[in-house]
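Written out below as structure tokens is the structure these notes cover.
The values are calculated or read from the model by the stated rules, or taken from the named source; none is laboratory data. No experiment lies behind these values; they were computed from the predicted model shown. Virtual Cβ from ideal backbone geometry, glycine too; neighbours counted across all protein chains shown.
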Amino acid sequence: MTHPSLPQAPYRQLRRPTTDRIVAGVASGLGRYFNVDPTLVRVCFAVAGLLTAGVALLAYPIMWFLMPEEPADAPAWPHPPAGPTAPPPAGPASW
């Protein structure tokens, strides 16, 4: 069985999503890029801001400006696996 091929870039792209955002989508985009929960990225931003007296929070507007927004026709995340996958075993395993 083959899966329909979806147009995907040959590499991961750091983009701000249009659907999973709270302020500008920077934390969500970083979470998708590094395959971690965006909430963890947001907590790291907050902790870094507290530890550096707010200096680390300057990175957020800079990334907001530099990270491109995800196109409106981009497939939903997480993307389905590329290529064929092995079908699940049929029935109970015999020893």
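Some values worked out for this structure:
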read-out: Residue match in the range 48-70 (condition: in contact with a Lys or Arg (Cβ under 9 Å, 6 or more places away or on another chain) and either modelled with pLDDT under 85 or among the charged types (D, E, K, R) (or both)); value: yes
read-out: The range 17-71, residues that are outside any helix (DSSP H, G or I), within 12 Å of the chain's Cα centre (by Cα) and of a type in the set (Gly, Ala, Ser); value: Gly25
read-out: Pair list, Cβ under 6 Å, 6 or more apart: the range 46-71 residue under 12 Å from Ala24 (Cβ atoms), other residue in a helix (DSSP H, G or I) and of a type in the set (Val, Ile, Thr); value: Tyr60/Val26; Met63/Val26; Trp64/Val26
